[in-house]
Amino acid sequence: MAYFPYIITISSEKGGVGKTTLATNLAIYLKAIREDLPVTIFSFDNHFTIDRMFELKGTKPTGDVHDLLMGQPASELIRVGQYGVGYIPSSNELGDIHERFRGPMTLTRIFAESNLPGVVIIDTRPDLNILTQNALYAADRVLIPVKDMPSLENCKNIFALFDQRGIDRKSLALIPCLVDERIKFEGLFKDQKTLLRAFAINRGYRCTDTYISKSPKVESLNTNPDGRIYPILTHARGTDVHGQFSELTRDLLRGYDATTDTRPALYAAWIAEKEGRLKEAYRARLEGLAEHCLICGQGLADTGEERGYYYETSDRALRGFLHSTCMADLLCETLYGLTSSSQAYGAARSVVAEKAAKTVALFFPRENGQGQVLDFRQFGFDGHQVFQKELPMVGFTEGAFNGVNNRLYLLLNEALSGYGGQLRSGAWLAAHPVDRSNPDEILHDKSYRSFQALQVRIGEQLACT
């Protein structure tokens, strides 16, 4: 059975709003209230607060967040730490990740493939770099702590990101944090939390029902002679903050229980559907292949000849493979008038075959004002033309074979003939060398898209002539 985690991201561009305190203590409360729920936490920041809070001395190193982002499975990196919370150790070497981590859904893919159950909490840096963006897009729930008007103002950038990507804002929620209960105002908005909520709602932002108070007792948990960071759950009982965290945790658990498909699960389903479509397209391309080599007429499955070239007409009416030997013989005949009885044929054929294996061959019958000619060209894999030669097609329309161009005429008749035996106007054929050990690889999605892009570039150049 595949597992997909429920992801909670804690994010704010403003520092000092209690982001890491919120993340670490939520992990502990979630595990305390529901003991059988796997809870994992990690941070993109390099202050190592998570490590200090959850590390058990003597635990064998297994890797860190950098390894996670480089592709090591999350399940191999998680350590079970204090309070039963799993954590992935922090890293101060994430600078090189920003250049490699360009896709906005990369983290979602990582967790779609992680097979992790339960809840994952992500503590982000106070910015909107590519890692923070990935954490936001992967989240089923985003908590944005705000403590004052500057931090509230910064929220607009997170909401703007979701709007730009067309992602529903419903996962985003502001939570007033470090609220000083001693501050009171006259008028409608009597305190900080009421004022912040009013301004948030006026901007179209959703707020949690819960808020987190400012508490000297809680602040002291990070500074003590032991050099440890103590949790609110065990060391701040009797404070308002203790009850507020309990309330917030139960709200998050209700959201977790009500979620049938998490973001990573939806992403995995989308990928599976996409791969299914790609497989169907691949099978359709396989089923549409001609069953014989157009040059020699023999069945591709009936001979021991290697399939060395994939061809497709410009109008996609026909596609298939050509034997390597047939292609080499055809080019020798077409370009140089050489046959197997010609002097030094073997050496010339080797040179022609070697060049052909590095280029895409184009066969384009057309009128040049003096009659029908074959415009033969060779292109590099980058689409640049490297060779061109015009060959008169004497006797072709009359069906007269001259013994030299027989292979060429068979190819053109098979591939490009239309109504009444006439060649289809403007149609051409391109033959692309393939890996002889795995010729069907060119029909796989990535390779086939490259082939199609090359066809387009060739077509654009022909249109200019």
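For the condition of a type outside the set (D, E, K, R), at pLDDT below 90, closer than 18 Å to Ile121 by Cβ and touching a Ser or Thr at 6+ places or on another chain (Cβ under 7 Å), what is the one hit in Ile175, Ile229?
Ile229
Let's see how each residue does on (1) assigned by TED's automatic domain parsing to the domain that holds Pro392; (2) of a type in the set (S, T, N, Q); (3) in contact with a strand residue (DSSP E or B) (Cβ under 8 Å, 6 or more places away or on another chain):
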site: Cys296; (1), (2), (3): yes, no, yes
site: Leu300; (1), (2), (3): yes, no, yes
site: Cys326; (1), (2), (3): yes, no, no
site: Leu335; (1), (2), (3): yes, no, yes
site: Gln343; (1), (2), (3): yes, yes, no
site: Arg349; (1), (2), (3): yes, no, no
site: Val352; (1), (2), (3): yes, no, no
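For the condition farther than 17 Å from Tyr282 by Cβ and not polar (S, T, N, Q), what is the one hit in Arg436, Arg449?
Arg436
Pick from the range 81-99 the residues that are touching a residue at least 12 places away in the same chain (Cβ under 8 Å) and out of contact with any helix residue (DSSP H, G or I) (no Cβ under 7 Å at 6 or more places or on another chain): which of them is surrounded by the fewest Cβ atoms within 10 Å (Cβ to Cβ)?
Asn92
I'd like the full set of residues that are farther than 21 Å from Leu423 by Cα and among the aromatic types (Phe, Trp, Tyr), limited to the range 318-346.
Tyr336, Tyr345
If Ile167 satisfies every condition in (1) out of contact with any Cys (no Cβ under 9 Å at 6 or more places or on another chain); (2) assigned to a helix (DSSP H, G or I); (3) modelled with pLDDT under 90 but one, which is the exception?
Tallying (1) out of contact with any Cys (no Cβ under 9 Å at 6 or more places or on another chain); (2) assigned to a helix (DSSP H, G or I); (3) modelled with pLDDT under 90, Ile167 fails exactly one: (2).
For Leu335, all conditions in the list (1) in contact (Cβ under 8 Å) with a residue 24 or more places away in the chain; (2) under 30 Å from Ile175 (Cα atoms) hold save one; what is the number of the exception?
Unmet for Leu335, out of (1) in contact (Cβ under 8 Å) with a residue 24 or more places away in the chain; (2) under 30 Å from Ile175 (Cα atoms): (2).
Being among the hydrophobic types (A, V, I, L, M, F, W, C), crowded, with 19+ Cβ neighbours inside 10 Å and closer than 11 Å to Ile121 by Cα, is that true of even one residue in the range 59-78?
Within the range 59-78 (the criterion being among the hydrophobic types (A, V, I, L, M, F, W, C), crowded, with 19+ Cβ neighbours inside 10 Å and closer than 11 Å to Ile121 by Cα), the answer is no, since none of the residues qualifies.
Given (1) in a strand (DSSP E or B); (2) surrounded by fewer than 16 Cβ atoms within 10 Å (Cβ to Cβ); (3) under 38 Å from the mean Cα position of the chain (by Cα), where does Phe381 come up short, assuming only one miss?
Phe381 satisfies all of (1) in a strand (DSSP E or B); (2) surrounded by fewer than 16 Cβ atoms within 10 Å (Cβ to Cβ); (3) under 38 Å from the mean Cα position of the chain (by Cα) except (1).
The values are calculated or read from the model by the stated rules, or taken from the named source; none is laboratory data. All values derive from a computational prediction rather than experimental measurement. In this analysis, Cβ positions are derived from the backbone assuming ideal geometry, glycine residues included, and neighbour counts consider all displayed protein chains.
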